[in-house]
Amino acid sequence: MTRKGGKKPLWEPGLIPAPGGLLDWRDAQHFDRWTDRPCTLCEQPTPMRSHSGEPVHKSCAEAWITANPTEARLGRFASDVQAKSRRDDDHA
């Protein structure tokens, strides 16, 4: 997947939440502990990064998805890939 300007994700993004939903950004790669950069949406400093390295607050990204549901499907902001959980209690 590529973004506008040809930027490729630094690591594999997962699902895009529905408008009003929450992003699951548990991976430590979303946090730059050394540098705050201006959020691309609100211009306030943030240590948070999207999958493509774009500086953005998680709450700003979630609000953007809600305000731009059609464009959001292109994958600018997405949740982390979730590992399939193994259920040992499945007796079906």
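In what sequence, highest mean first, do 55-65, 36-46, 70-80 appear when ranked by Cβ atoms within 10 angstrom?
By packing density, highest mean first, the sequence is 55-65, 70-80, 36-46.
Could you state the per residue volume, in Å³, of the convex hull enclosing the Cα atoms of segment 11-71?
Hull volume normalised by residue count: 80 Å³.
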note = Pseudo-spin-label distance residue 58 to residue 32, built 7 Å along Cα→Cβ, given in nm, is 1.8
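We did not get these values from a lab; they are worked out from the coordinates using the rules stated. Since we're looking at a predicted model, the values are computed, not measured. Backbone-built Cβ (ideal geometry, glycine too); neighbour counts: all protein chains shown.
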